[in-house]
1. Arranged from highest to lowest average of other beta-carbon atoms within 10 Å per residue, in what order do the peptides 304-315, 123-134, 336-347, 156-167 appear?
2. Once each part is reduced to its C-alpha centroid, what is the distance from segment 228-284 to segment 338-368 in angstrom?
3. Give me the percent of Cα-Cα pairs in segment 213-368 that sit more than 26 Å apart, rounded to a whole number.
4. Once you sort the root eigenvalues of the Cα gyration tensor of segment 166-233 as a ≥ b ≥ c, which label holds: rounded (a/c under 1.5), prolate (a/b larger than b/c) or oblate (the other case)?
5. Normalised by the number of residues in segment 95-254, what is the relative contact order in percent for Cα pairs under 8 Å and 6+ residues apart?
6. Hey, what do the phi angles of segment 241-251 turn into as Karplus ³J(HN,Hα) couplings, whole Hz, using 6.51/-1.76/1.60 and θ = phi - 60°, x for Gly and Pro?
7. Given points 7 Å out from each Cα along the Cα-Cβ axis, report the D135 to D271 separation in nanometres with one decimal.
8. Residue by residue through segment 266-283, what is 3J(HN,Hα) from phi via Karplus (6.51 cos²θ - 1.76 cosθ + 1.60, θ = phi - 60°)? Round to whole Hz and write x for glycine and proline.
Amino acid sequence: MTIDLSDRTARPARHRTGRYAMTAAAAVLVIVVGLAYLPGVRRSAAAPSAAPVPILPATTPPSSAGPAGSASAPPAATVTPTGDPSAIGRIFYLPAEHLAGREVRLRSWRPGQKPQTLAALPQVAALANASVSPDGRRVAWVDPERAATLFVADVDGSRKRALARHVDQFCVTPTWSPDSQHLLFRAADPMGTPGRFGVVDTRARRDAVRWWDVEPQACHALWSADGRTIAMNSATGVTLFGPDGTSPRPIPHLSGPAPWRCTHIASLSPDGSRIALFRTRPDEQAGEVGRMLMVNAVLQTRTGREITLPTGGREIRQAYFRPDGSLVLRVRAGTGYALLLVDRAGRQVSAVIESADWRDWQIVAVTG
């Protein structure tokens, strides 16, 4: 299949201000075209007033975020910095809320160093689908105002390239391979109807897409650092696949008559044995299908059991696995956040307080 990379501008999207990532129209597109195709999900006509998708509230989380997540809970105790702050790695941030203007800037911060201001990204793409490569060198995104084109560039915005047009921008967002050379994406027709899954070689001069032979009815995607596992949300649960989309393995206790549901996943361990996600009870509001990077649990993928983490009782807001198997936790601390580095054995080895400047931003990647 030949992918047309001509620069044909699509109808401009209208942005809605506030604390949400998408316009109501975009949320409708996600609901109708995304989970409507998943088994076990009722398909219905979405009204234009459908609620948009929350990303990362700056202060009070949804009621389903856990015992520490109620609006009446007192601020969490502050965190005492310990260990080497630089060991946490390089943190990439994008705004958690819609800001003024058509573009926003990707930013990064390595604890102990000054923050860096990086590439300018379209506002909707920054909130809904932008993805930083595992090596921290490049960023990929889908621009809804340019025929849903998949772009890739260095994180400073240089060497920008178009890779494909008419790409799913909300359900299966661009997902980097562990070698930072390939991107998993899903094609979509001009009306947004999802099509084939493909893996594009970002180094090739011409179109170099390897199309999957299967089309999992699933949203979101995480690729393990060992390259062997891809996790995706399917209906109200999470399924693990092989690197070509075959060999589905559902995570127990997350769908059907189980006590939990999950429609948002955030990070997968290097060997695919653990996953960081946002889960809810069957009677709780789970949010819409658009990307939400909040986390309230880390589970074993084989058993579905929750892993106890050394948070000191603080509420987890985000979590990212590093290639060595360690885990960076973003937790409530006072009126802001702190970052904790937890090793593979479950021990906290480093802690650092985030600047208040990051309070209205969400983490989109943690690299070495």
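1. 123-134, 336-347, 156-167, 304-315
2. Distance between centres, Cα-based: 23 Å.
3. 24 percent
4. Numbers: a/c = 1.88, a/b = 1.16, b/c = 1.62.
It comes out oblate by the Cα gyration axes.
5. After rounding, I find 12 percent.
6. Values, residue by residue: 10, x, x, 10, x, 9, 6, x, 9, x, 7 Hz.
7. Each label point lies 7 Å from its Cα, and together they span 2.6 nm.
8. Whole-Hz 3J(HN,Hα) from phi for segment 266-283: 10, 7, 10, 5, x, 9, x, 8, 9, 9, 9, 8, 10, 10, 9, 6, x, 8.
Here, each number is a calculation from the coordinates, and none is a lab measurement. Treat the numbers as computed from the prediction; the structure is a model and nothing was measured. Methodologically, a virtual Cβ is constructed for each residue, glycine included, from the backbone with ideal geometry; neighbour enumeration extends over all protein chains shown.
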